[in-house]
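Bear in mind these aren't lab numbers, they're just calculated from the coordinates by the rules spelled out. Everything numeric in this text was worked out from a predicted model, so none of it was measured. Cβ placement follows ideal geometry from the backbone for every residue including glycine, while neighbour counts extend to all protein chains displayed.
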Amino acid sequence: MAQIRIEHLRKDFGSFTAVKSSSFTIEDGEFFMLLGPSGCGKTTTLRMMAGLELPTSGHIFIDDEEVSQKPASQRDIAFVFQMFALYPHMNVRKNISYPLYNQGMPRAQIKEKIAEVAKILRIEDILDRPVGGLSGGDRQRVALGRAIVRDPKAFFMDEPLGALDAEFREHMAEELRALHDRMEATTVYVTHDQLEAMQMGDKIVVMNHGVVEQFGVPQDIYDWPATKFVADFIGSPPMNFLDFEGTVANGATSVQLSGVDFQIPEMLTGLQGDLSLGVRPEHVKLTDTSAYRGEVLAAEYLGTTQIVTLRTDHGIIKARLSSSTNVREGETVGVDLDARKLTVFDAQTGHALMSSANKEVLTHG
Ligand code: ATP
């Protein structure tokens, strides 16, 4: 398997720049997610890594060998597409072994390989079945088998579960992750689904308009978003922003909203002007004693929790509270924010101002 490193990768289509100077490293054996909204450049990035698209500039290394200008056939990558194109007239065994016959591998060795892959995928019992009558899940397993059997340096998957219904999608996501854990194969996976990325990924790159907004482990990205875009794109409901005009000094440990002090992680950079205080819904608490007030606009029951919408002096925010908390629409309540998990953003650039707690994980710059 392989480490993949990209440096200042760029792709222009005419005058349009689809990917602007992306840099990140995928470590050997990682399950790596390229995440972002439609059109952000994730597929273009993957296609450049695979050799299906040539970069306008920048570098791609596979295990320290520069492959930026090499064709796909010389990169030893297996691509698993959303539409699992199997050979309909062949049975499962032949579908999987086809790439090996093409390579001229001896029959006995092919037999061994098929047995090994069938065991990994747990499809020993369907090897002689025609692919025509297989379920969606089995078809996906066969397509994966055809990729695995080649022993590639890495697997690339572009929204492989996109066409599946929600329940089956979740099942296949678990299966793919478990398969990865058994094989420990470097896997790069494109998705626009933040939940899928959080559940499956060892690391995530979040892209927006061709730019890498943040790169890191799921928990750091959730807890310490580098930009307002990431804070908003990840999480459901997304992070709240309390907009205010003010000054945050270097080394500050609190900000003031409507005369009320809120503790924040220590700031390492300061700023004056339009700021946004970011807080996740689960870090908003209702406390009678808090001098900061909000009006309850709505409460949405979700079983064990409820999402309560509040109007504050600094905008509408949502709190995730236990369903047993009693709230009435129209009442005014005290609002408290969990000091350990607050992020201050520059409202103009959208960048998080670094704090000592998160300085390691913020990657914008
Ligand atoms: P999606 O999930 O919708 O495919 P994406 O993040 O994977 O989104 P890309 O497919 O990488 O996005 O496309 C990024 C941008 O580049 C889009 O605006 C797309 O229209 C544009 N683009 C992609 N391929 C080409 C091409 N061959 N010629 C011109 N523009 C292209």
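Against the chain, whose longest principal axis is taken from its Cα atoms, helix 92-103 shows a tilt of about 70°.
Footprinting exposure proxy ranking of ILE110, ILE96, fewest other C-beta atoms within 10 angstrom first, gives ILE110, ILE96.
Placing dummy labels 7 Å off each Cα toward the beta-carbon, the span from GLN348 to ASP202 is 4.1 nm.
Cα centroids of segment 45-106 and segment 287-310: 51 Å apart. Angle of helix 136-148 to the longest C-alpha principal axis of the chain, folded into 0 to 90 degrees and rounded to 10: 70°. Could you let me know the centre-to-centre spacing of segment 225-274 and segment 178-197, using Cα atoms, in angstrom? Between the Cα centres of segment 225-274 and segment 178-197 lies a distance of 32 Å. Couplings for segment 173-188, taken from phi via the Karplus curve 6.51 cos²θ - 1.76 cosθ + 1.60 with θ = phi - 60°, read 4, 4, 5, 4, 5, 5, 4, 4, 5, 6, 8, 6, 9, 4, 10, 10 Hz in order; Gly and Pro are left as x. Charging the Cβ of each Asp and Glu at -1 and of each Lys and Arg at +1, and nothing else, the dipole of the chain about its Cα centre rounds to 1280 debye. Inter-part distance, segment 199-213 to segment 114-164, computed on C-alpha centroids, equals 26 Å.
What order do you get for 262-269, 338-345, 124-131 when each peptide is scored by the mean count of other beta carbon atoms within 10 Å, highest first?
So the order, starting with the most tightly packed, is 338-345, 262-269, 124-131.
Between GLN109 and LEU268, the C-beta separation translates, for a Förster distance of 51 Å, into a calculated FRET efficiency of about 0.30. The alpha carbons of segment 238-358 give a radius of gyration and a Dmax of 14.4, 42 Å, in that order.
Express the relative contact order of segment 4-223 as a whole percentage, based on alpha carbon pairs under 8 Å and six or more residues apart in sequence. After rounding, I find 31 percent. Between ASP76 and THR247, the contour length at 0.36 nm per residue exceeds the alpha carbon distance by 56.3 nm. With semi-axes defined as the square roots of five times the eigenvalues of the C-alpha gyration tensor, the equivalent ellipsoid of the chain measures 46, 25, 15 Å, largest first. When you count the other C-beta atoms within 10 angstrom of each residue and take the mean per peptide, 322-333, 182-193 line up highest first as 182-193, 322-333. Radius of gyration over Kirkwood radius for segment 97-233, both on Cα atoms: the Rg/Rh ratio is 1.05. The angle between the Cα long axis of helix 107-121 and the main principal axis of the chain comes to about 30°, on a 0 to 90 degree scale.
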